[in-house]
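A.B. asks: Below is one structure. I have some questions about it.
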């Protein structure tokens with residue numbers, strides 16, 4: 001939901017209330033801003049000159065906090081991805097005031113009307129960002145991608161790079177990208193299919209006006225350029241995770257398999273949306289059949305993402321293998337240090353490992369402390385996302401009090417039922433008993449309270 005966009009500003013008043021309710025920072029303390037001003041002037045001295053490499057970035061058109069730049073070349077049958085990541089650690093020292101503020105924030109918070117950055121803009125959107133307006137310090141991951149999509153970390157180096165272009169998802173042309181971009185993405189996608197990965201990337205939601213008044217939630221399908229860019233990050237994160245695991249250290253993303261109850265609810269949701277899900281088909285296989293272009297497919301992808309127990313962070317433990325069920329692999333986050341606090345530490349660990357050095361003590365110690373910090377930050381973003389979705393639903397349903405909607409029960413207890421409207425991407429609760437998952441019902445909208453972001457339905 002952090003991708004929900006509001007081109008008609010229908011949510012402005014409600015978003016202001018959400019910012020207040022969840023204490024979304026509106027700026028940075030004066031001492032942090034002063035320290036960032038000084039840090040932004042640091043001259044790189046530990047970096048190799050890689051200004052000859054044709055790096056480019058690929059992001060939303062309006063983004064200025066650019067974590068990644070890339071170039072690709074052929075190496076025999078393999079593809080060699082050089083993935084440059086913003087060298088945040090060059091500007092931020094463990095224990096300084098910028099670092100302390102980042103520990104408190106955990107991650108950049110996103111709302112449809114703007115963000116609250118992890119780092120002050122002079123760093124996150126200027127000096128450390130891989131913008132194409134001059135040389136930048138970076139950590140360059142060299143990832144070897146085999147014909148079968150297998151990945152290996154070939155090296156990591158601190159380097160000075162220059163992005164040749166700031167490319168945008170919605171305007172990039174094939175000629176703007178490396179010749180091997182399509183092939184690399186295909187290899188990564190095929191490897192995902194073979195290992196049974198169930199990663200779900202829903203399209204962007206947006207609130208838009210409808211003829212005759214009122215608003216609706218609609219979906220903007222993901223672009224091919226977004227999927228290709230995601231493949232670069234995925235390849236790098238998998239390679240970094242394998243390297244950390246081999247060296248018995250690191251911070252990993254883990255996610256359990258969905259339980260039977262979750263799958264039962266999702267089957268009911270699919271039935272509500274008229275999406276065929278054979279009884280003998282697993283959730284992982286079903287996810288791979290979904291088409292995000294029709295609204296039903298997009299809404300189903302969102303339902304799957306919301307139904308999951310969610311990923312968490314876990315430091316290396318000698319008695320367990322970190323596993324991410326959705327990725328079907330050991331996985332880590334290393335490619336967005338301007339937006340996720342933990343990534344900076346994983347990047348520095350990978351730099352040490354790849355160059356035969358011990359992971360620095362402050363980094364190793366942080367791996368033990370980071371999981372609760374990132375969990376709090378993730379929970380806060382999740383609460384904001386839920387509040388934004390609730391707000392969007394009230395905007396969409398305003399003026400429709402008294403209307404009856406077909407729905408299906410996706411979960412129930414002795415007093416309430418959770419229902420999915422069959423024609424709209426709305427999941428809500430009603431007071432009802434003696435209902436079971438899969439029941440088809442009619443629900444009447446009896447109240448819409450925009451200030452409280454609440455909608456109420458009664459069973460017809």
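A.B. asks: Out of curiosity, is residue 326 within 14 Å of the chain's Cα centre (by Cα), at pLDDT below 95, part of a loop (DSSP other than H, G, I, E, B) and at negative phi?
C.D. replies: Spelling it out, residue 326 is indeed within 14 Å of the chain's Cα centre (by Cα), at pLDDT below 95, part of a loop (DSSP other than H, G, I, E, B) and at negative phi.
A.B. asks: Another question, then. Which residue out of 273, 281 is in contact with a helix residue (DSSP H, G or I) (Cβ under 6 Å, 6 or more places away or on another chain) and over 22 Å from residue 227 (Cα atoms)?
C.D. replies: Only one candidate passes the filter, namely 273.
A.B. asks: Take the conditions within 25 Å of residue 214 (Cα to Cα), in contact with a strand residue (DSSP E or B) (Cβ under 6 Å, 6 or more places away or on another chain), modelled with pLDDT under 90 and surrounded by 14 or more Cβ atoms within 10 Å (Cβ to Cβ) and apply them to residue 455. Does it pass?
C.D. replies: no
A.B. asks: Let me ask something else. Where residues in the range 448-460 are within 30 Å of residue 12 (Cβ to Cβ), assigned to a loop (DSSP other than H, G, I, E, B) and in contact (Cβ under 8 Å) with a residue 24 or more places away in the chain, which of them is nearest to the chain's Cα centre (by Cα)?
C.D. replies: 453
Here is a yes/no grid of residues against (1) more than 23 Å from residue 425 (Cβ to Cβ); (2) in contact (Cβ under 8 Å) with a residue 40 or more places away in the chain; (3) out of contact with any strand residue (DSSP E or B) (no Cβ under 6 Å at 6 or more places or on another chain):
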site	(1), (2), (3)
252	yes, yes, no
260	yes, no, yes
263	no, no, yes
277	no, no, yes
284	no, yes, yes
296	no, no, yes
302	no, yes, yes
317	yes, no, yes
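A.B. asks: Taking the range 217-236 on its own, how many of its residues are farther than 25 Å from residue 151 by Cα and touching a strand residue (DSSP E or B) at 6+ places or on another chain (Cβ under 7 Å)?
C.D. replies: Residues flagged as farther than 25 Å from residue 151 by Cα and touching a strand residue (DSSP E or B) at 6+ places or on another chain (Cβ under 7 Å) within the range 217-236 amount to 4.
A.B. asks: Can you find a residue in the range 64-71 that is in a loop (DSSP other than H, G, I, E, B) and out of contact with any helix residue (DSSP H, G or I) (no Cβ under 7 Å at 6 or more places or on another chain)?
C.D. replies: yes
A.B. asks: Filter the range 201-217 down to residues that are under 16 Å from the mean Cα position of the chain (by Cα) and crowded, with 18+ Cβ neighbours inside 10 Å, then give me how many there are.
C.D. replies: Within the range 201-217, residues that are under 16 Å from the mean Cα position of the chain (by Cα) and crowded, with 18+ Cβ neighbours inside 10 Å number 4.
A.B. asks: Another question about this same structure. Quick one: what pairs do we get from the range 172-183, first residue modelled with pLDDT under 95, second in a helix (DSSP H, G or I) and buried (at least 17 other Cβ atoms within 10 Å of the Cβ), C-beta under 9 Å, 6+ apart or different chains?
C.D. replies: Once the first residue is modelled with pLDDT under 95 and sits in the range 172-183, its partners that are in a helix (DSSP H, G or I) and buried (at least 17 other Cβ atoms within 10 Å of the Cβ) give 174/181.
A.B. asks: All but one of (1) closer than 25 Å to residue 351 by Cα; (2) surrounded by 13 or more Cβ atoms within 10 Å (Cβ to Cβ) hold for residue 6, so report the exception by its number.
C.D. replies: It is condition (1) that residue 6 fails.
A.B. asks: Considering only residues of the range 47-62 that are in a loop (DSSP other than H, G, I, E, B) and modelled with pLDDT of 95 or more, which is farthest from residue 146 (Cα to Cα)?
C.D. replies: Taking the candidates together, the pick is 47.
A.B. asks: Do the conditions hold for residue 80, that is, is it within 18 Å of the chain's Cα centre (by Cα), under 17 Å from residue 143 (Cβ atoms) and either in contact (Cβ under 8 Å) with a residue 24 or more places away in the chain or outside any helix (DSSP H, G or I) (or both)?
C.D. replies: no
A.B. asks: Looking at residue 215 and the list (1) touching a helix residue (DSSP H, G or I) at 6+ places or on another chain (Cβ under 7 Å); (2) modelled with pLDDT of 85 or more, which single condition is not satisfied?
C.D. replies: The single condition residue 215 does not satisfy is (2).
A.B. asks: Please enumerate the residues belonging to the range 2-36 that are touching a residue at least 12 places away in the same chain (Cβ under 8 Å) and farther than 14 Å from residue 113 by Cβ.
C.D. replies: Correct list: 21, 25, 28, 29, 31, 32, 33, 35, 36.
A.B. asks: Here is a further query. Can you pull out the residues in the range 100-120 that are touching a residue at least 12 places away in the same chain (Cβ under 8 Å) and farther than 20 Å from residue 342 by Cβ?
C.D. replies: 111, 112, 113
A.B. asks: Considering only helices (runs of 4 or more DSSP H) fully contained in the range 218-296, which possess at least 1 residues that are surrounded by fewer than 19 Cβ atoms within 10 Å (Cβ to Cβ) and under 17 Å from the mean Cα position of the chain (by Cα)?
C.D. replies: Helices (runs of 4 or more DSSP H) meeting the threshold: 224-246.
A.B. asks: Given 352, 342, 336, which one is more than 18 Å from residue 256 (Cβ to Cβ), surrounded by fewer than 20 Cβ atoms within 10 Å (Cβ to Cβ) and either free of Cβ contacts under 8 Å to residues at least 12 places away in the same chain or within 17 Å of the chain's Cα centre (by Cα) (or both)?
C.D. replies: One residue alone meets the criteria, 352.
The values are calculated or read from the model by the stated rules, or taken from the named source; none is laboratory data. Because the structure is a prediction, the values reported are computed rather than measured. Positions of Cβ are generated from backbone atoms using ideal geometry, with glycine treated the same way; all protein chains shown enter the neighbour counts.
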